[in-house]
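What follows is a short report on a single structure.
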């Protein structure tokens, strides 16, 4: 019996050994096949890259568009994947579909974030061509977008003015299609994630379309608007140089040049907005400033900004009462649990003398994240000018906004809330409510309070396209302000489309 058991055990062990050997042979064979497939894949990839090197640029561009059209705008990270390294807490929002992934701050890249930008088709076509590796090493990118819109409104143009939707902006003209902006960026982002060396960057932006009317500075291409009232024009809303100093606290960015004004939930550039139209609060405050602006990250909770400019929306060489030394101080605080942010300060302060757009602005925004799908942002500001005059003068022949209905102190204040609900991987729903009181009509030409209520959807059908339908209701209280000053109420349905390149 014992001999039989020993024989049986020997047979079982022999069979197990044969199975293991065969399994190992199969595994080795599978690895060899996998290795061969991998080699073939790499060879095919190298051959395709070599072929593209010799293709005409337009063909490479066409192939890049075809490749990226249909690609999802947002790709969730793989389970267990290592997140993008950054020396600050993880980004609170997914972008896309939201316009930005980090807490609101202007005038600087996000200090502590790598700031890497996935190439759009134009840049991909450049990378795939001769000199592509040199472009990658330079970190210089060229990209942009086309933004157009259409609206259906209860207001209408008149013989006196086409701007029946005003004070709604940017689409002032009712019941028509508009080319809002064609924008091209040439930029280099400094690496503000690392802490071992000084880095630099720059941006040159060009804008063509209707929206130039709201970015223009007096004295810089401003005859298009102030003399000819053109509805399509050209501007350079941003031209600046960035210097990053890693050893000042947790990093300092110094920005020199023309910038988009630092505060506000919204922005002049279409992809940075939550909805198709702009709030009244945003439509009538400071737009651009030219000067030197510093952003210093103290720690994960506190960032301090200080700047000196020549005023608001006026060229350095332009004679205007608002062209004078102007200070900026902003502070950003983020909660340790990364659920709240407060961004507040004095965006522009000087003697407040009446000028083209010499707005003194105290402003703040509180952003609260309820969860990964819902967040809310609430902004308020108070603005004023001293000794405003209710008609054109030699020094101020034009006023950005409107001349007040009576001379003297010209104040206005506003409060605005956006609440966003993400309902799919590539889309979210937005509710916007605001109150705006133009006390003496200095911004809109009508001395009245306003309310505005809007709902809209932002949808990214793919990486290159954003579609934003929106329904909006505006009301002026003391005097009729809409439909060229004949109605107190206005309904507008708007849809805009952004096509990235």
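No lab work stands behind these numbers, since they all come straight from the coordinates. Everything quoted here is computed from the prediction, not taken from an experiment. Here Cβ is always computed from backbone atoms with ideal geometry, including for glycine, and neighbour counts include all displayed protein chains.
Working from Cα positions, state the angle (0 to 90°, nearest 10) between the long axis of helix 57-68 and the longest principal axis of the chain.
Helix 57-68 sits roughly 80 degrees off the main axis of the chain.
Set the Förster distance to 56 Å, then compute FRET efficiency between residue 45 and residue 421 from the Cβ-Cβ distance, nearest 0.05.
For residue 45 and residue 421, the calculated efficiency is 0.85.
Which whole-number percentage describes the relative contact order of the chain, with Cα contacts under 8 Å and a sequence gap of 6 or more?
Computed over the chain, the figure is 13 percent.
Kindly put 317, 145 in sequence by how many other C-beta atoms sit within 10 Å of each C-beta, fewest to most.
Going from least to most buried by this count: 317, 145.
Which values, in whole Å and largest first, are the semi-axes of the equivalent ellipsoid of the range 148-227 obtained as the square root of 5 times each eigenvalue of the Cα gyration tensor?
Listed largest to smallest, the semi-axes of the range 148-227 are 37, 16, 10 Å.
Under the √(5λ) rule applied to the eigenvalues of the Cα gyration tensor, what semi-axes describe the equivalent ellipsoid of the range 328-447? Give them in Å, descending.
35, 17, 10
Looking at the chain, send over the antiparallel percent of its DSSP beta bridges, to the nearest 5.
Bridges in the chain that DSSP calls antiparallel: roughly 100 percent.
May I ask you to sort 227, 60, 487 by Cβ crowding, counting other Cβ atoms within 10 Å and putting the fewest first?
Going from sparsest to densest Cβ surroundings: 227, 487, 60.
Give me the base-10 log of I(q)/I(0) for the chain at each q in 0.07, 0.11, 0.12, 0.13 Å⁻¹, Debye formula, one uniform scatterer per Cα, rounded to two decimals.
Relative scattering, expressed as log10 I(q)/I(0), comes to -0.44, -0.98, -1.15, -1.35.
Could you give the angle, 0 to 90 degrees to the nearest 10, between helix 2-53's Cα long axis and the longest principal axis of the Cα atoms of the chain?
Roughly 40 degrees, rounded to the nearest 10.
Run through every distinct alpha carbon pair of the range 393-442 and return the Kirkwood hydrodynamic radius in angstroms, one decimal place.
Taking every pair of different Cα atoms in the range 393-442, averaging 1/r and inverting gives 14.1 Å.
Order these peptides, 68-78, 425-435, 193-203, by their mean beta-carbon neighbour count within 10 angstrom, highest first.
425-435, 193-203, 68-78
Label points 7 Å out from Cα along the Cβ direction at residue 493 and residue 387: separation in nm?
Modelled inter-label distance: 5.1 nm.
Mind giving me the FRET efficiency for residue 78 and residue 371? R0 is 30 Å, r the Cβ-Cβ distance, nearest 0.05 is fine.
That gives a FRET efficiency of 0.85.
Starting from 0.36 nm per residue, how many nanometres of slack lie between residue 331 and residue 228 once their C-alpha separation is accounted for?
33.1 nm
Between residue 455 and residue 204, how many nm apart are label points set 7 Å from Cα along the C-beta direction?
In this crude label model, residue 455 to residue 204 measures out at 4.6 nm.
With a 10 Å radius around each residue's Cβ, average the other Cβ atoms per peptide and rank 386-399, 239-252, highest first.
239-252, 386-399
Among 62, 372, which comes first, then next, by fewest other beta-carbon atoms within 10 Å?
The order, fewest Cβ neighbours first, is 372, 62.
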